Amino acid sequence: MTFYFDVISPYAYLAWTQIHAVAGERPVRPVPILFAGLLNHHGQKGPAEIPSKKAYVFKDVLRLAAGFGVPLRPPPTHPFNPLLALRVAGLEMEACTRRALIDALFHAVWGEGSGVTDEQVVGGLAADCGVPDAVERATSPEAKARLRSSTEQAIAEGVFGVPTAVVDGELFWGCDSLGHLRRFLAGNDPIDAALVAQWVGLASGVER
């Protein structure tokens, strides 16, 4: 299972707190991508760029966090620049180290609200997880190219938002798809491929 995320998304944070339990014994491969890159590619605005939607989203994630029993605090600013945190999360490291580091980055943004835009903060979190040279490595051309490549790969797979879990070519977007993902993994997905093809193939009756 591939889990595409950006630390800028509270939904990605909330889904991250649940995804390993949902996956069960199936390994989860977390892949940081740039949400802004998805938005630019698909010609969309982010939720935080639409005032009424921004207010709704933050009420929605507070309700979800209460249901999941996880902490949720606002970051210092939103939107913010997530590039350093994403590049650090994408560095080469052991899977267990990556999971601990992503835990720490998400918690810094959404669990305690300190944010991850400061190099010293990100460097400290990475060092605590056993990656003391993370900030230096994250500024390399290789780290920058890796994030771009991961974002492009996600787009190629049809990803349009975060979080998105991809399993056997099937996409599950957002926290509200976790139940669908559980059913899919259990072999109880109600989707009929022929019916989906019929829906997707519907001709457009109007353009705007």
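The values are calculated or read from the model by the stated rules, or taken from the named source; none is laboratory data. Everything quoted here is computed from the prediction, not taken from an experiment. Here the Cβ positions follow ideal geometry from the backbone for every residue, glycine too, while neighbour counts run over all protein chains shown.
Overview of values
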| read-out | value |
| --- | --- |
| Flag for Phe160 being in contact with a His (Cβ under 7 Å, 6 or more places away or on another chain) and either surrounded by 15 or more Cβ atoms within 10 Å (Cβ to Cβ) or more than 20 Å from His78 (Cβ to Cβ) (or both) | yes |
| Set Glu157, Glu94: member being of a type in the set (D, E, K, R), modelled with pLDDT of 95 or more, within 26 Å of Ala21 (Cα to Cα) and under 18 Å from the mean Cα position of the chain (by Cα) | Glu157 |
| Answer residue from region 55-83, given it is farther than 17 Å from Cys175 by Cβ and in a helix (DSSP H, G or I) and is nearest to the chain's Cα centre (by Cα) among those | Leu83 |
| Count of residues meeting criterion [on the phi < 0 side of the Ramachandran plot, more than 15 Å from the chain's Cα centre (by Cα) and outside any helix (DSSP H, G or I)] in region 168-208 | 15 |
| From Ala48, Ala108, residue being part of a helix (DSSP H, G or I), at pLDDT 95 or above and among the aliphatic types (A, V, I, L, M) | Ala108 |
| Residue tally, condition out of contact with any Pro (no Cβ under 6 Å at 6 or more places or on another chain), assigned to a helix (DSSP H, G or I), in contact (Cβ under 8 Å) with a residue 40 or more places away in the chain and more than 30 Å from Val200 (Cα to Cα), over region 111-158 | 8 |
| Where Leu38 falls short, out of the listed (1) in contact with a Leu (Cβ under 9 Å, 6 or more places away or on another chain); (2) part of a helix (DSSP H, G or I); (3) under 26 Å from Ile155 (Cβ atoms) | (1) |
